[in-house]
Amino acid sequence: MSQRSPSRDASRRNFLKGATLAGAAALTTPAAANTPPPDLPADRPKAPVPGPRLAAAETTLPPVDPDPVKQSSSGGDFMVDVLKTLDIDYLAMNCASSFRGLHEALVNHGGNKPEILTCAHEEIAVHMAQGYAKIEGKPMAMICHGVVGLQHATMAMYNAWCDRVPMLVMGGNIIEANKRGPGAEWVHSAIDPAAIVRDFVKWDDQPTSLQHFAESAVRAYKVAVTPPMAPVMLSLDAELQENPIGDPAALRIPRLATVIPPQGNDAALAQLAKMLVDAETPVIICDRMARTPAGMTRLVELAETLQCAVIDNFGRMNFPSRHPLNQSFRRSIISQADVILALEVNELWGSLNDFSDRIVRSSAPKYKKTAKIVTLGSRDLYMKSNYQDFGRYQEVDLTIAGDAEASLPALTEQVKRLIDEGKKSTFEARGKKLAGAKLATIAQAKSDATIGWDASPITTARLCAELYGQIKDEDWSLVGTSIRLSWPHKLWNIDKSYQWNGGSGGAGVGYTLPASLGAALANKRHGRLTVAIGGDGDFMFVPSTLWTAAHHRIPLLYIVHNNRAYHQEYMYLQAMAARHGRGITNTDIGTTIKDPNVDYATVARGFGVYGEGPISDPRDLGPALKRAIAVVKTGQPALVDVVMDQR
């Protein structure tokens, strides 16, 4: 990270020295791979006693302020009072001088409410907020340091933008040139800090007064949680945070009134209902439709009323995985559809067309030319132009703007009014055929999962089957998987809204571990067993997330899908080499994570997290998972490093 200030550097050096000593102590007593985990004490062992020089550095008071006048309040105090009205439970940060005023106000004036989550990188802080919001259904806040902290946060903010997740991002800044100290405060400040993220936040502001902050903070929260949801950002001047409040009586905090999500037009919904009832083979495709637990219930009611196929793109937990009408792994049914309804589908063209990028890029539609295509969602209500997260333009026959979840009850009622006994009999016959196809799909998946069952590296199917066998009777929540790891959706019974929360949104590497931790934080108060499976390449971007997990005692079972490569890119490179007739001998250069192989369990233990592995013998997998789950049930995080097949 870029240099922040001389005093901060000294503090960080002391912290890092202490962390190194603690990490070394942890590494001297690693947990044996085949023995039960030790009892975890409520209070962790203390770090070694520091020597005289280190002790003096840690206990020396800061320089005396030459001004003997003491403040009775600060702008940061008022900012904390505003945040407390916004139903924000947590604020993630990597501490820094540009928001020291707000930081101090949080811990002293605010009593650490919202609770601070200490993160070693701004990307971790943002991704934690992303995972948290998708489980808890409300935003988390994060704050970053000037332009450099914001630059670290941008990848995660882009993921959250593409994933349509609300969060309140704040950044420290020093607006007035005559108030900036020489050195770091100049290179870390900007006239317009949010310019770098403006294309992937929904709204931003830079308040110039405390009243301005109060109104902008309330507006920001309201904008963030209004569908289509997205991150928002406030740039906070350091002087505004730190200086005394001039006239407290003149300040007021506006009331927050969140927007009721807009329902689709009644006449358009009636037209859609008639199309669905008259169709012989209607198909529903959904992506980020279920923004609350009610979403899945409402979609099930509509699908069962029509007895029609549902294809879930897994952007959220939209439809039960084992429901007879769930045809997500029979996408060929799209070619039979005469009416296709897309609910909050981000990239419809990609769902309705086959695309090949081999030799010459080509595409072909999956659907019939006569099929009627209808979209229902909030995607058309807000869009930006620079980043291309909206996908290729897809021609449709009817577009209904409105929140899909909010619109489903009215649509279902319209459908029910149009169904007579003859239609009901036809629908029941259609449903029976789909149920039979679903049973066949499940049977095929179970059979496919046995292929290479005893192989080493361990197959991804065996990992998912073994894991489900140990958690299926728990109140579990799967909050992340490595790229294209679809086995849980094929094999597991996923029927609760929190049992799956979607992917990264922008496919940015480094999402899975911190976002899973944020989701685990949301699940913690509900007593759920949180599990995630993440790729080794993804883990390597943000391994210090584990320290936050240990420090805040967030229970999470994290399984590293260790294929010792950035395997998607490895396959792409092989395809390119084959295309050019050059052989694949050299395609491990720049694509693999080996020589040396990484021991992720040892890394975990160094951060204070229980770690097992690397597990390469499939016979060791089940016992290792059992031990790790036992640790998580005590309220602690655990990691299992599994050497697995590529996909």
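Read-outs: derived from the displayed coordinates by stated rules, not from any lab. Model, not experiment: these values are computed from the prediction. Positions of Cβ are backbone-derived with ideal geometry, glycine not excepted, and every protein chain shown enters the neighbour counts.
Structure notes:
- Ordering L276, A601, G480 by Cα displacement along the dipole of the chain toward the positive end leaves L276 in first place; charges were set at the Cβ atoms of Lys, Arg (+1) and Asp, Glu (-1).
- Farthest towards the positive end of the charge dipole of the chain, among the residues G377, A184, S425, is the Cα of S425, using unit charges on the Cβ of Lys, Arg, Asp and Glu.
- Maximal additional length on extending the R255-D473 stretch stands at 74.1 nm, based on 0.36 nm per residue less the C-alpha distance.
- Projected-area average for region 266-444 over all orientations - Cα convex hull basis, square nanometres: 11.2
- FRET efficiency estimate (nearest 0.05) - Cβ-Cβ, E304 to N493, R0 30 angstrom: 0.95
- Dipole of the chain [Lys/Arg +1, Asp/Glu -1 at C-beta], most positive-end residue of V531, I451, W161: I451
- Applying 1/(1 + (r/R0)^6) with R0 = 41 Å to the Cβ-Cβ distance of D380 and A443 gives a FRET efficiency near 0.55.
- Listed by chain and number, the lysines placed with their C-alpha closer than 23 angstrom to that of K369 are K274; residues fewer than eight positions away on the same chain are left out.
- Rounded to 10°, Cα long-axis angle of helix 404-418 versus longest principal axis of the chain: 20
- The angle between the Cα long axis of helix 75-84 and the main principal axis of the chain comes to about 30°, on a 0 to 90 degree scale.
- Fewest-first ranking of L83, L546, using other Cβ atoms within 10 Å as the exposure measure: L83, L546
- Per residue, the Cα convex hull of region 512-552 amounts to 57 Å³.
- Neighbour net charge for A601 - beta-carbon separation under 13 angstrom, K R +1, D E -1: -3
- Computed over region 504-604, the Cα gyration tensor eigenvalues convert (square root of 5λ each) into semi-axes of 33, 14, 9 Å, ordered from largest to smallest.
- Cα gyration tensor, region 494-563 - rounded (a/c under 1.5), prolate or oblate: oblate
- For D389, neighbours were defined as the other residues whose beta-carbon sits under 11 Å from its Cβ, and their charges (Lys and Arg +1, Asp and Glu -1) total 0.
- In terms of other Cβ atoms within 10 Å, C162, C144, C119 run from fewest to most in the order C162, C119, C144.
- Here's the list of lysines a cross-link from K70 could span, going by alpha-carbon distance under 26 Å and ignoring same-chain residues fewer than 8 apart: K84, K113, K179.
- Against the chain, whose longest principal axis is taken from its Cα atoms, helix 512-524 shows a tilt of about 90°.
- 19 Å Cα-Cα threshold exceeded, pairs from K202/K384; K138/K222; K366/K423; K496/K524: K366/K423
- Electrostatic dipole magnitude of the chain [Cβ: Lys, Arg +1; Asp, Glu -1; Cα centre; debye, to 20]: 1200
- Computed from the C-beta positions of L398 and N178 and an R0 of 60 Å, the FRET efficiency is 0.55 to the nearest 0.05.
- Taking the C-alpha atoms of region 70-250, convex hull volume expressed per residue in Å³: 106
- Near G613, once Lys and Arg are set to +1 and Asp and Glu to -1 for all other residues with Cβ below 12 Å from its Cβ, the sum equals -4.
- Each Cα pair under 8 Å and six or more residues apart adds its sequence gap; the mean of these over the residue count of region 450-643 is a relative contact order of 24 percent.
- Here's the list of aspartates and glutamates a cross-link from K626 could span, going by alpha-carbon distance under 14 Å and ignoring same-chain residues fewer than 8 apart: E466, D473, E474, E612, D641.
- Mean-position separation - Cα centroids, region 465-486 and region 526-599, in angstrom: 18
- 222 nm mean residue ellipticity, helices alone, for the chain (DSSP H n ≥ 4; -39,500 (n - 2.57); rounded to 500): -12000 deg cm²/dmol
- Overall shape of the chain was characterised from the C-alpha gyration tensor. The equivalent ellipsoid obtained from it has semi-axes of 44, 33, 22 Å, in decreasing order.
- Test item: Cα-centred dipole of region 486-633, Lys/Arg +1 and Asp/Glu -1 on Cβ, debye: 540
- Remark: H145, H109 ranked as H109, H145, counting other beta-carbon atoms within 10 Å and listing the fewest first.
- Gyration tensor (alpha-carbon) shape descriptor, region 450-643, a/c threshold 1.5: prolate
- Note on the chain: antiparallel DSSP beta bridges, both residues inside, total approximately 10 percent of the bridges counted.
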